[in-house]
Amino acid sequence: MSRVSIQGAPFERGRQYGEQARTQVRQSISAYQRVFAHYAEWDWEKVVGHASRYENVVEDFAPHIIEEIRGIAEGSGVDFGDILALNVRSEVMFASGAQDNKKLSGALANECSSFAVLPEVTSEGHTLVGQNWDWLLHARDTVVLVHARRDDGPDYVTIVEAGLLAKTGVNSAGVASCTNTLVSYLDDGAVGVPYHVMLRRLLDAESITDAVTTVVNADKALSGNFLLGDVDGLAIDMEVNPGGATSVRTLMPRDGVLAHTNHFLSPDLARSDSRIGTSPSTLFRLDCLESTLRRGAPTLSIRNLQDALSDHRNFPLGVCSHGDDRASEYERYATIASVIYDLDAHEVYLAAGAPCGGNFRRYQFDSSVGLVEIDSPEDVEAFDGDVRGAQGTTTALTPL
């Protein structure tokens, strides 16, 4: 996975990002040109034109983020509209009317299995947060590890498709953010704060309370799920529909464990879920992940979590996803990256591709050392294939 190191003011950070990932940014644009043509029969000019409707919303929500977008465009030598379109790709897709297309539902149906485990259930008494990020196969060629050093907020690390602002990440304030796509019948491409802009904004949080406040107060464009952890041993999951505070439901850990996949757990929001019918594998991924975590408590280790993320039950659509060969190129997804954040040790365990190969690298991350690799894949054993557990359980969600 290519590493991108950036620092300075927002525009300068973006410019450095664009310069260092220029090839991958252009690959991202080419890939999404093909994706939009396949699903929506929209050419890229039409995509960029629709994406422009979000510019003012992003600038009002977070002026520094629109500057980062402008910088990425300049550094990579592409138009500002191209980078904005990448960062509102989800919203534009729904606006195209393609959400009624079952091919789209199938492709978007399985993206990410996330978790947080608290000090009372881990072997070292640490807070551990992580996820598998599953997506279309082209992302294997465009994913980058971005490390930002800042004077205007916490430093952060994010694993993301080149040209996009953020996906999952952790910052130097000890706040980690994981995410799962959710699809609702209410998602119609309305103009609001875009999903990937929200993910970038969460990395500005000085505390988990700041992060929750950001999600609640934003006028969100799409449904989604945000699983947050904090170095103080706190975690929360936030399911959202489009809209403001009344569209948010929260899930708290039970017995030190919190997990989520790609369907709504809140009973009232679940009524709007348009995903389970096309992809019931999300139900089994949640059960497999949560049951494995509970089985390992109260002595969960990093190795336990790597094995949990390597679970192949319901292959090829398990927690560790290898792609369904029966699907076409633009409808086949797999695990693009797997990550575990040790918030107490300031460490990031990162595997490019499927985690079952034992290809995790370990990085030290904090403001004093930056981002330093301290282990290579040769130091990590491969998944042993023995992941089994009892039935998982969930907890009730609380409306805000």
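Observations, loosely collected:
- For segment 56-72, a residue qualifies if it is more than 15 Å from I6 (Cα to Cα), in a helix (DSSP H, G or I) and either of a type in the set (A, V, I, L, M) or in contact with an Asp or Glu (Cβ under 8 Å, 6 or more places away or on another chain) (or both), and the qualifying residues are V57, V58, I66.
- Scanning segment 248-263 for residues that are surrounded by fewer than 21 Cβ atoms within 10 Å (Cβ to Cβ) and of a type in the set (S, T, N, Q) returns a single hit, T250.
- Number of positions in segment 249-280 that are over 18 Å from the mean Cα position of the chain (by Cα) and assigned to a strand (DSSP E or B): 4
- Qualifying residue in segment 307-316 (condition: touching a residue at least 40 places away in the same chain (Cβ under 8 Å) and either under 17 Å from the mean Cα position of the chain (by Cα) or part of a strand (DSSP E or B) (or both)): yes
- A search for C-beta distances below 6 Å between a residue of segment 261-273 that is within 17 Å of L222 (Cβ to Cβ) and any residue that is hydroxyl-bearing (S, T, Y) and surrounded by fewer than 16 Cβ atoms within 10 Å (Cβ to Cβ), counting only pairs 6+ apart in sequence or on different chains, returns S272/Y185.
- Figure legend. Inter-residue proximity from segment 75-100: first residues outside any helix (DSSP H, G or I), second residues aliphatic (A, V, I, L, M) and modelled with pLDDT of 95 or more, beta-carbon distance below 7 Å, spacing 6+ or different chains. Indicated pairs: V78/V25; V78/I29; D79/A73; V88/A51.
- Highlighted here are the helices (runs of 4 or more DSSP H) found entirely within segment 1-55 that include at least 1 residues which are β-branched (V, I, T): 22-40, 44-51.
- Some residue of segment 232-253 being touching a His at 6+ places or on another chain (Cβ under 6 Å), farther than 18 Å from D342 by Cβ and either aromatic (F, W, Y) or modelled with pLDDT under 95 (or both): no
- The lone criterion from (1) of a type in the set (G, A, S); (2) at pLDDT below 95; (3) more than 25 Å from L145 (Cβ to Cβ) left unmet by G370 is number (3).
- Options A345, A390, A327; residue that is modelled with pLDDT of 75 or more and either in a strand (DSSP E or B) or within 26 Å of L228 (Cα to Cα) (or both): A345
- Enumeration of residues in segment 283-306 that are surrounded by fewer than 24 Cβ atoms within 10 Å (Cβ to Cβ), part of a helix (DSSP H, G or I) and either in contact (Cβ under 8 Å) with a residue 60 or more places away in the chain or not hydrophobic (A, V, I, L, M, F, W, C) (or both): L286, D287, S291, R294, R295, G296, I302, R303, N304, Q306
- Test: residue in segment 76-91 that is modelled with pLDDT under 95, among the hydroxyl-bearing types (S, T, Y) and closer than 30 Å to S272 by Cα: yes
- The residues of segment 223-236 that are in a loop (DSSP other than H, G, I, E, B) and in contact with a Pro (Cβ under 6 Å, 6 or more places away or on another chain) amount to a single one, G233.
- Scope segment 116-166; condition over 30 Å from D324 (Cα atoms) and part of a helix (DSSP H, G or I); matching residues: P119, E120, V121
The values are calculated or read from the model by the stated rules, or taken from the named source; none is laboratory data. Nothing here was measured: the structure is a model prediction, and the numbers come from that model. Here Cβ is always computed from backbone atoms with ideal geometry, including for glycine, and neighbour counts include all displayed protein chains.
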